[in-house]
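Input: a single structure, listed below in structure tokens.
The values are calculated or read from the model by the stated rules, or taken from the named source; none is laboratory data. Quantities reported herein were computed from a predicted structural model and do not represent experimental measurements. In this analysis, Cβ positions are derived from the backbone assuming ideal geometry, glycine residues included, and neighbour counts consider all displayed protein chains.
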Amino acid sequence: MSDYDLYYWPVPFRGQFVRAVLAHAGRTWTEVDPAAVAALMDGPVAQMPVPFMGPPLLIDRKAQIAVAQMPAVVLYLGETLGLLPATAALRALTMKIVSDANDVIDELTIDGGRQMWTAKRWRNFVPRLRKWMSFWEETGRRHGVTADAGFLLGGEEPGIADVVTAILWSTMADRLPLIGVMLEEAAPMTATLSRRISELPPLSKLAAKARQDYGGAYCGGQIEASLREVLKV
Ligand SMILES: N[C@@H](CCC(=O)N[C@@H](CS)C(=O)NCC(=O)O)C(=O)O
């Protein structure tokens, strides 16, 4: 029996952050059937393990705890698996990075497809996406990241901030290569940091599994189609 049940869709997108933290920590989880995810999400709130609007939702089987909202799930895993930094300041900064990553993917999908991308909307968004990228570059610079060494918040080993960074940018660059080109230009140290962390064995195994299970999909649905249309990929 695995350690956790993960309620998410068969795409990388937001669920991949949770999968990556679990993989990084060497934990096992079961992916719940998407029909069961939809049934739970659309069912009575009184029957939800925790009230939630949309997945990811994680159930810790042993502790019988359910958590939704991606940053809260990552915080729960970080706390219970001892993966967070030692100081309050770095713990807060870790959750700031996780929240930034969640904001970036919300913006990239116009809040999960509230509107579709048009060429004009995309043109207006590009400077903002580059600004987001520069936040990672600047954070790394302040903590001693160089072209080929270091971790986003300093220290001697990769932490949750690095895992989340790698999943955010490597998944996006892999599935939407033009954004990868933009990252190399706007935030080259972040691009190499993301590659270095993604090459850690548990994360490279996870990426291979994602490729096998979800093909080239990123977030899925019409919003992915409209994103590919403006990026012409
Ligand atoms: N703020 C939530 C967003 C959750 C969310 O939007 N989940 C998407 C998938 S990435 C979903 O399926 N939402 C369905 C809905 O909101 O109706 C989080 O960070 O977990």
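Given the residues 97, 110, 105, which is the only one that is of a type in the set (A, V, I, L, M), surrounded by 19 or more Cβ atoms within 10 Å (Cβ to Cβ), touching a residue at least 24 places away in the same chain (Cβ under 8 Å) and farther than 18 Å from residue 193 by Cα?
Answer to the selection: 105.
Quick one: would you say residue 36 is of a type outside the set (D, E, K, R), under 24 Å from residue 105 (Cβ atoms), surrounded by 14 or more Cβ atoms within 10 Å (Cβ to Cβ) and modelled with pLDDT of 95 or more?
No: the conditions fail for residue 36.
If we scan the range 16-38, do we find a residue that is near the ligand (Cβ under 10 Å from one of its atoms) and of a type in the set (Ser, Thr, Tyr)?
No - not one qualifying residue is present in the range 16-38.
Name the residues in the range 39-81 that are within 9 Å of the ligand (Cβ to nearest atom) and either surrounded by 19 or more Cβ atoms within 10 Å (Cβ to Cβ) or closer than 17 Å to residue 16 by Cα (or both), would you?
Answer for the range 39-81, where residues must be within 9 Å of the ligand (Cβ to nearest atom) and either surrounded by 19 or more Cβ atoms within 10 Å (Cβ to Cβ) or closer than 17 Å to residue 16 by Cα (or both): 54, 55, 56, 57, 68, 69, 70, 71, 72, 73.
Do you know which residues across the range 1-33 are surrounded by fewer than 18 Cβ atoms within 10 Å (Cβ to Cβ) and out of contact with any strand residue (DSSP E or B) (no Cβ under 8 Å at 6 or more places or on another chain)?
Matches in the range 1-33: 1, 25, 26, 33.
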